[in-house]
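Below is one structure; the comments refer to it alone.
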There are 2 protein chains.
Amino acid sequence: MTDPETIKALFFDVFGTLVDWRSGIARNVRRLLEPHGIAIDADAFADAWRGEYQHRHTLDRILPRFGLDALDEDTRVALNLAWHHLPAWPEVPAALRRLRARFRLAPVSNGNISLMADLARDNSFHWDAILGAEIARDYKPKPAVYLAAAEAFDLAPAQCLMVAAHSSDLAAAAALGLATAHVARPREHGPHGGETKPELAVDFAAADLAALATKLGC
Amino acid sequence: MTDPETIKALFFDVFGTLVDWRSGIARNVRRLLEPHGIAIDADAFADAWRGEYQHRHTLDRILPRFGLDALDEDTRVALNLAWHHLPAWPEVPAALRRLRARFRLAPVSNGNISLMADLARDNSFHWDAILGAEIARDYKPKPAVYLAAAEAFDLAPAQCLMVAAHSSDLAAAAALGLATAHVARPREHGPHGGETKPELAVDFAAADLAALATKLGC
């Protein structure tokens, strides 16, 4: 197991790990469609959108599956913005403040910089920088994303701890020499569950981000 | 003149505009060379380093000019790190807090992300993202740097205000359609002065960053 003293920076997956995308998107879908008198299965809609990429062209592609071919442009724009305003899991803001006292913190997400900046504003996350796909010009789990993040902080991969609720993300990071921390998010997918524990050997496994902060001595 | 209502994000030049690089570098040079019994003109050394790029290979090139060919590697590394720990001009931290209540804030500097993150930590700057040369993979005053910064925030150039103490930086930004704000830094170069007013037409000209915040209605 990695000694916490080795670690200088924490990298975070965001959707699912830090924010509850499913409830947030479903709530926004209901709010935006209600004035149109439309009722759909908003949870299933969130699942479908997340299943691909949370981009505008994905939205346009999934709308017909929910009988919403004719949805107007303004509502489509508003729906797309829902990804910019999602609630953090309850313990996250305070846990990030504890962690920031000792480590550099950055999101390493496939979401772009603008999206990350909005989520940070809404949830009072204080990042040292926004790293991830837009910096690397590639998407996780490609190696370039993790390596570009370490390089942006002038750190070796072993000095960086990837924090995620998804074993696939951690497996990609571990293969490059980053340390890994799994955070359980048993309700990420609502009734479909979420990872309660890692599917691979990790350096740290925690029930939530507050528990991880404690394990790291913060 | 641009209406402040149009502006959504402020981009900041950092060296000279937000931090006092000359005093900071000179102080660190004196502190690091004193244990070696070496006394040089630390202000001139800071000027020479800044005159080119503040990189490690520039340091290696200017050391001989100051009779320091034989300086050991550890001290060279420590000297280079001096750029990561420079004092903000006194009014800057509080002015940035006022501005952040209304605008997205990002450094758009030729310094890299790691350097920007350290300067932010030392001086309690809360950035929404770190933009600039490393994101754009080019250096100011190249157009790509300003345009990549606007794009990272999903904004049009006209929604972005470039804030700098250097007219050349503002001229490059204005040519691309960004709004411009000049902040006077009459002591940037010590006895050699600094820009007391812009050398081109700008949207806002202010005596310091607090005065700019007031002009922007913050």
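The values are calculated or read from the model by the stated rules, or taken from the named source; none is laboratory data. Note that the coordinates shown come from a computational prediction; the quantities given were computed from them, not determined experimentally. Because the Cβ atoms are built from the backbone with ideal geometry, glycine has one as well, and the counts that use them run over all protein chains shown. Just the protein is used for accessible areas: all its heavy atoms, side chains included, with ligands, DNA and RNA removed. Shrake-Rupley method; radii C 1.70, N 1.55, O 1.52, S 1.80 Å.
Considering B:THR17, B:THR75, which residue is under 18 Å from B:HIS182 (Cβ atoms) and either out of contact with any Gly (no Cβ under 9 Å at 6 or more places or on another chain) or touching a residue at least 12 places away in the same chain (Cβ under 8 Å) (or both)? The conditions single out B:THR17.
Quick one: is A:ARG104 facing another protein chain (nearest Cβ under 9 Å) and closer than 14 Å to A:LEU86 by Cβ?
Answer is no for this residue.
Residues in the stretch B:29-73 that are in a helix (DSSP H, G or I) and either open to solvent by 30 Å² or more (accessible area, probe 1.4 Å) or among the hydrophobic types (A, V, I, L, M, F, W, C) (or both): 29 in all. Inside the stretch B:110-124, can you point out the residues that are acidic (Asp, Glu) and either surrounded by fewer than 20 Cβ atoms within 10 Å (Cβ to Cβ) or part of a strand (DSSP E or B) (or both)? B:ASP122 - this is the single residue of the stretch B:110-124 that is acidic (Asp, Glu) and either surrounded by fewer than 20 Cβ atoms within 10 Å (Cβ to Cβ) or part of a strand (DSSP E or B) (or both).
Selection of the stretch A:190-208 for residues being modelled with pLDDT of 95 or more and within 25 Å of A:ALA48 (Cβ to Cβ) yields A:GLY194, A:GLU195, A:THR196, A:GLU199.
Counting the residues of the stretch A:75-104 that are open to solvent by 40 Å² or more (accessible area, probe 1.4 Å) and in a helix (DSSP H, G or I) gives 7. Does the stretch B:1-14 include one or more residues that are without any contact (Cβ under 8 Å) to a residue 60 or more places away in the chain and either crowded, with 22+ Cβ neighbours inside 10 Å or under 15 Å from the mean Cα position of the chain (by Cα) (or both)? No: zero hits. Here A:PRO107 fulfils each of the conditions (1) surrounded by fewer than 21 Cβ atoms within 10 Å (Cβ to Cβ); (2) assigned to a strand (DSSP E or B) apart from (1).
A:ALA175 satisfies every condition listed in (1) within 14 Å of chain B (Cβ to nearest Cβ); (2) more than 13 Å from the chain's Cα centre (by Cα) except (1). Pairs are defined by a Cβ separation below 8 Å, a sequence spacing of at least 6 or placement on different chains, a first member in the stretch B:115-128 that is facing another protein chain (nearest Cβ under 9 Å) and over 19 Å from B:LEU79 (Cβ atoms), and a second member that is basic (Lys, Arg) and assigned to a helix (DSSP H, G or I); the pairs so defined are B:HIS126/B:ARG97; B:HIS126/B:ARG100; B:ASP128/A:ARG121; B:ASP128/B:ARG100.
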